[in-house]
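A short write-up of the structure that comes next.
The values are calculated or read from the model by the stated rules, or taken from the named source; none is laboratory data. Model, not experiment: these values are computed from the prediction. All Cβ positions, even for glycine, are placed from backbone atoms using ideal geometry, and neighbour counts span all protein chains on display.
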Amino acid sequence: MSVGIVVHGSGNVGEVTSLRHLRDCLGELDELERDIKHGIDSMCGKLYQAIDWQRRFEADVSHELRTPVAGLRAQLEEARLHPGELDVDDLIERALSDVERLQALVDDLYLLAQLQAAAQPAERALLDLGDLVQSELARRTDKHDVKVQVVRGVLVRGVDTRLRRMLSELLDNAQRHAKTVVFVQVRRTAHAAELVVADDGDGIGEEDRERIFDRFTRLDAARSRDRGGTGLGLAIVRNIVHGQEGEVHVERSSAGGAAFVVRLPLA
């Protein structure tokens, strides 16, 4: 006795296969639609962030420019109202101070814009980080003593003018907030060249150690504008370091103040 298998409706097999293929295609289209929507949402989010950043930047710049401009105006109005009591030398000195502050702010804003646009002023060269530190310190006249610990032969590849500006900003910041002394160290680790600029000031709380690198950030009265600076120095430092494929962070120094640690790739 033989057993046979009879397939009914065998003509529908092609239709079933086509339906499955169609269902698979629809599934892929749904997934593609979700990916596209996610991409658009992400781009919109970044666009809104950029717009918000620009608005806050404009507000910050306006606020920072207002102070020296208001100072200049007040001095000129006072001179016009009381010409007989005018001390010309004092007026010129105060006006020049405000103009210098304006010039420094404009210069820093221009440099920050260049850095954020990833503009490179020159090709990178092989630099000895210790030599750079020594030469920069030799040309400065600082208020507080600087203790230096440098390992020779720590080589990096970078733009000389940019790295000098980074170091200058860190030294200026340390001098403003130190009580008695500033520490500078150059060392080599297994994978990086490290530059440390530290002070024995009041230090920076852990909750503020990231935002201290944002433009125009002043944490409290101890780090206020009356100590000098434009409020852009550490933002410039971060952008220079990132432009050199490095990283920078702040921690507590052994003297109780702030220690800014820069890590750059070894050449």
* To do: Answer yes if at least one residue in the stretch 51-71 is modelled with pLDDT of 80 or more and not small (Gly, Ala, Ser), and no otherwise.
  => yes
* Matching residues in the stretch 238-265 - criterion: being in contact with a Leu (Cβ under 7 Å, 6 or more places away or on another chain) and modelled with pLDDT of 95 or more -> 246, 260, 262
* How many residues are in a helix (DSSP H, G or I) and touching a residue at least 24 places away in the same chain (Cβ under 8 Å) when one looks only at the stretch 231-249? -> 10
* Does the stretch 72-83 contain any residue that is polar (S, T, N, Q), modelled with pLDDT of 75 or more and surrounded by 14 or more Cβ atoms within 10 Å (Cβ to Cβ)? -> yes
* **Selection within the stretch 176-199 - crowded, with 20+ Cβ neighbours inside 10 Å and either among the hydrophobic types (A, V, I, L, M, F, W, C) or out of contact with any helix residue (DSSP H, G or I) (no Cβ under 9 Å at 6 or more places or on another chain) (or both)** => 178, 182, 183, 184, 186, 193, 195, 197, 198
* Structure fact -> Checked the stretch 237-247 for anything buried (at least 21 other Cβ atoms within 10 Å of the Cβ) and farther than 16 Å from residue 117 by Cβ; matches are 237, 241, 246
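Got at least one residue in the stretch 67-79 being farther than 30 Å from residue 188 by Cβ, β-branched (Val, Ile, Thr) and touching a Lys or Arg at 6+ places or on another chain (Cβ under 8 Å)?
yes
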